[in-house]
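K.L.:
Below you'll find the structure I mean.
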Amino acid sequence: MSEPLLELRGVRAGYGSIEVLHGVDLVVPPSSVVALLGPNGAGKTTTLSVACGLVQPTAGSVLVAGRNVVGVAPELLAQRGLVTIPEGRGIFPNLTVRENLQMATFAGAALAQVEEVAFGRFPRLAERRNQVAGTLSGGEQQMLALARGLAVDPAVLMLDELSMGLAPLVVEELYGIVAQIARTGTSILVVEQFARTVLGVADVAAIMVNGVVRRVGSPAEVEAELSSAYLGG
């Protein structure tokens, strides 16, 4: 099997004196969708924050293509291909769609290239290129966040609660797009509280509880444990 693009080994991390992650091990293989599941407060977002360099671990390693990147600045990790789309979408609501996409050019891509990727993947954004982003629907705003992340051709795309506040049909459409992105070679680590929204497109699923990854397996293997063990009925 190819070397993982992203791997966390024995990661401990937290905020001040409060430890949130207690030895997290997690692997993201190439061209795959890895779903990190668990209840609210399990440590999922902190895991993403460690992976992208926003939170420094107190112990353990974060490996990108086999190299330990603990201590590397978040912007440098982004330049190396680790792109995060945070909870709440992270767009600029007072800018137009086109102006939001233009922000991605600061990473070095030409606007024409950014727009080609964005409008090719999300035709609805092309129709709304001059519309103020804050007036888009929730699903369209999430498409814009995805489009901006894809503009830099990431090696690993990390998504935090993609489904938050969206209708089920919109969530299904977005996760279909996530599966397509993975097939083009981008690895995806997606954090979800509502597990069944992502299991249909995941290659690997991991359940996190109280700052520890308790179970890793295929979506079918993990789904059998969700109701009884972690997330309720």
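K.L.:
When you go through 93, 154 one by one, which is the residue that is assigned to a loop (DSSP other than H, G, I, E, B), of a type outside the set (A, V, I, L, M, F, W, C) and under 30 Å from residue 209 (Cβ atoms)? Lay out the reasoning, then the answer.
P.N.:
Working: 93 fails: under 30 Å from residue 209 (Cβ atoms).
Checking each option against the conditions leaves just 154.
K.L.:
Scan (1) farther than 23 Å from residue 221 by Cβ; (2) surrounded by fewer than 19 Cβ atoms within 10 Å (Cβ to Cβ) for the single condition residue 20 breaks and write down its number.
P.N.:
(2)
K.L.:
Now, a different point. Taking residue 134 and the conditions (1) surrounded by fewer than 23 Cβ atoms within 10 Å (Cβ to Cβ); (2) without any contact (Cβ under 8 Å) to a residue 40 or more places away in the chain; (3) not charged (D, E, K, R), which numbered condition does it fall short on, given that it satisfies the others?
P.N.:
It is condition (2) that residue 134 fails.
K.L.:
Quick one: what pairs do we get from region 106-119, first residue more than 21 Å from residue 140 (Cβ to Cβ), second outside any helix (DSSP H, G or I), C-beta under 9 Å, 6+ apart or different chains?
P.N.:
These pairs meet every condition: 107/151; 107/152; 108/152; 109/151; 109/152; 109/153; 113/151.
K.L.:
Identify all residues within region 177-200 that are under 15 Å from residue 157 (Cβ atoms) and out of contact with any strand residue (DSSP E or B) (no Cβ under 7 Å at 6 or more places or on another chain); write none if there are none.
P.N.:
The first filter runs over region 177-200 and keeps only residues under 15 Å from residue 157 (Cβ atoms), leaving 177-192, 198.
Of everything in region 177-200, those that are under 15 Å from residue 157 (Cβ atoms) and out of contact with any strand residue (DSSP E or B) (no Cβ under 7 Å at 6 or more places or on another chain) turn out to be 177, 180, 183, 184, 185.
K.L.:
Still on this structure, please answer the following. So residue 87 fits all but one of (1) touching a residue at least 12 places away in the same chain (Cβ under 8 Å); (2) more than 25 Å from residue 200 (Cβ to Cβ); what number is the exception?
P.N.:
(2)
K.L.:
Can you name every residue in region 168-212 that is β-branched (Val, Ile, Thr) and within 25 Å of residue 117 (Cα to Cα)? Walk me through how you get there before you give the answer.
P.N.:
So the first thing to find is which residues in region 168-212 are β-branched (Val, Ile, Thr), and the list is 170-171, 177-178, 181, 184, 186, 188, 190-191, 197-198, 201, 204, 207, 209, 212.
Answer for region 168-212, where residues must be β-branched (Val, Ile, Thr) and within 25 Å of residue 117 (Cα to Cα): 170, 171, 177, 178, 181, 184, 186, 188, 190, 191, 198, 201.
K.L.:
Here's a check for you: in region 18-44, which residue that is polar (S, T, N, Q) and within 21 Å of residue 179 (Cα to Cα) is modelled with the highest pLDDT? Step through it out loud before you land on a result.
P.N.:
Within region 18-44, the subset polar (S, T, N, Q) is 31-32, 40.
Adding the requirement that they be within 21 Å of residue 179 (Cα to Cα) leaves 31-32.
On the way: 31: 89, 32: 93.
So, considering only residues that are polar (S, T, N, Q) and within 21 Å of residue 179 (Cα to Cα), the one modelled with the highest pLDDT is 32.
K.L.:
From (1) more than 13 Å from the chain's Cα centre (by Cα); (2) under 14 Å from residue 91 (Cβ atoms), pick out the condition that doesn't hold for residue 149.
P.N.:
With respect to (1) more than 13 Å from the chain's Cα centre (by Cα); (2) under 14 Å from residue 91 (Cβ atoms), residue 149 is out only on (1).
K.L.:
Could you please tell me which pairs satisfy a Cβ distance under 9 Å, a separation of 6+ or placement on different chains, a first residue in region 51-72 that is modelled with pLDDT under 95 and part of a loop (DSSP other than H, G, I, E, B), and a second residue that is surrounded by 14 or more Cβ atoms within 10 Å (Cβ to Cβ) and among the acidic types (Asp, Glu)?
P.N.:
Between residues of region 51-72 that are modelled with pLDDT under 95 and part of a loop (DSSP other than H, G, I, E, B) and residues that are surrounded by 14 or more Cβ atoms within 10 Å (Cβ to Cβ) and among the acidic types (Asp, Glu), the close pairs are 66/7.
The values are calculated or read from the model by the stated rules, or taken from the named source; none is laboratory data. Quick caveat, the model's predicted, so the values are computed rather than measured. FYI the Cβ positions are ideal-geometry reconstructions off the backbone, even for glycines, and counts take in every protein chain you see.
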